[in-house]
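Notes to accompany the following structure.
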Amino acid sequence: MAENNQQWPDLPWNAKLFLFVLSFAFNISRRSDGTVNRFLMSFFDLRTSPSKKPINGGVKTSDIVVEKKKNLWFRLYIPTTANNTPCAASNGAGLPVIFFFHGGGFSYFAPNSKFYDDFCYRLAGELSAFIISVNYRLAPEHRCPTQYEDGFHVLKFIDCTQIEGFSSQANLKHCFLAGDSAGGNLAHHVALKASEHEFSRIELIGNILIQPFFGGEERTESELRLTRAPLITTELTDWMWKTFLPKGDNRDHRTVNVFGPNLVDISKVKFPKTIIFVGGYDPLQDWERRYYEGLRKSTKEVYLVEYPNAMHTFYFFPELPECSSMIKAIRDFMQKQSIGVATDAVPVNFRRFELKPDQNGLI
């Protein structure tokens, strides 16, 4: 937790510049009537093209259309070997698969947004996993539950479709749902939808939630304290919820305040084991802890990792020690779930993780 009411952690200049520009882009592109000036936002949201040749640590990518009318597609990240063929798992069972949902308050960004593309390249390379980064439809043009339906549609598409360079190398019995911010919210709700469906090949064995976007009508302590934190403000999050939710609903809607007054009992639902990452300079942290507690009370296996010096979007900056630590924790979590045993990487009672330099000043 951030102490002494300090609003920002110590950050390198490039991180500060990124956060300033992104905050500026949000402020000038969102309108008071709940719409987004997408033309204006396009000047800040740089887009990338897929690469058939391995780059960024030996990963190649392709864009695959699921349903053209809905602009539903995903970017597939394939980790490769030195001879440009897909990596193979050491046990011969194929590589795990991560369905990734990007953040942006349900209203912004896409898999080909440069910083999300860079992040997924790193996940694919360092985790030795296929990444399926989903381009779901955005609010306010498409309100809740469109985003959840799109995410679930992609799961069903993968379950019944053969994809060259993927299907023969992927272990669909080792699938994970992952997402940051709004994408973390998406991962939770897609997992619930998936629990009601009988897949022929896919098995979901874990959820990876990075600073997931939950909320409610109440103002939490962290929201009241971190009023000038990087990027996230209650004014911005209120606007995002308003543009996302069905008209007339408030922030205690069950998709927002998952374990609030309108909660749906999930204690008997088959729900994947979950790991949650929380930042001490993130105003959303109290809602994320409540989500953790809600899963525990619902008898779900869940792990919480806290980085006291991390702000929202810390994972976009490889130079921050928390970013590397998070990827290692994800790798450990995935490996433990894949071999079918309870993970000891982040025990159930593990509530806080803090990086401290050693006697030589190294992390």
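For the ranges 106-115, 304-313, what's the packing order if you count other beta-carbon atoms within 10 Å of each residue, average per peptide, and put the highest first?
304-313, 106-115
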Checklist entry - At Lys247 and Lys297, where each label point lies 7 Å from the Cα along Cα→Cβ, what is the point-to-point distance in nanometres? => result 3.4
Item to check | Among Leu226, Leu204, Leu46: highest mean-square fluctuation, GNM of the chain, C-alpha pairs under 10 Å | outcome: Leu46
Checklist entry - Suppose every K and R has +1 on its Cβ and every D and E has -1 on its Cβ; what is the size of the dipole of the chain about the Cα centre, in Debye to the nearest 20? => result 740
Checklist entry - Which semi-axes, in whole Å and largest first, does the equivalent ellipsoid of the chain have when worked out from the alpha carbon gyration tensor as the square roots of 5 times its eigenvalues? => result 28, 24, 23
Checklist entry - Which whole-Hz couplings ³J(HN,Hα) result when phi for each residue of region 257-268 is put into the Karplus expression 6.51 cos²θ - 1.76 cosθ + 1.60, θ = phi - 60°, listed in order with x for Gly and Pro? => result 9, 4, 10, x, x, 10, 4, 9, 5, 10, 4, 9
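Once the Cβ-Cβ distance between Gln6 and Glu67 is put in as r, and R0 is 41 Å, what FRET efficiency do you end up with, to the nearest 0.05? Display every interim value, and only then the final one.
Details: r = 46 Å, r/R0 = 1.13.
It comes to 0.30.
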Checklist entry - At Lys53 and Glu218, where each label point lies 7 Å from the Cα along Cα→Cβ, what is the point-to-point distance in nanometres? => result 5.6
Checklist entry - Expressed in nm to one decimal, what extension gain is obtained for the pair His197 and Ser267 from 0.36 nm per residue of sequence separation less their Cα-Cα distance? => result 23.5 nm
Checklist entry - Summing -39500 (n - 2.57) over the DSSP H runs of n ≥ 4 in the chain and dividing by its residue number, what mean residue ellipticity at 222 nm do you reach, to the nearest 500 deg cm²/dmol? => result -9500 deg cm²/dmol
Item to check | Under the Karplus curve 6.51 cos²θ - 1.76 cosθ + 1.60, θ = phi - 60°, whole-Hz ³J(HN,Hα) for region 328-337, x wherever Gly or Pro sits | outcome: 5, 5, 5, 4, 4, 4, 5, 5, 5, 5
Next on the checklist: I need the peptides 209-218, 168-177, 49-58 ranked by packing, meaning the mean over residues of other C-beta atoms within 10 angstrom, with the highest value on top.
Outcome noted: 209-218, 168-177, 49-58
Next on the checklist: Whole-Hz ³J(HN,Hα) for each residue in region 59-74, computed from phi via Karplus 6.51 cos²θ - 1.76 cosθ + 1.60 with θ = phi - 60°, x for glycine and proline: what do you get?
Outcome noted: 10, 10, 9, 8, 9, 10, 7, 9, 8, 4, 4, 9, 6, 9, 8, 9
Checklist entry - Which order do peptides 120-133, 16-29 fall in by mean Cβ count within 10 Å, highest first? => result 120-133, 16-29
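Any read-out appearing in this document is the output of simple, stated calculations on the displayed coordinates, not a laboratory observation. The structure presented is a predicted model; accordingly, all values stated were derived computationally and were not measured. Neighbour counts run over all protein chains shown; Cβ positions are idealised from the backbone, glycine included.
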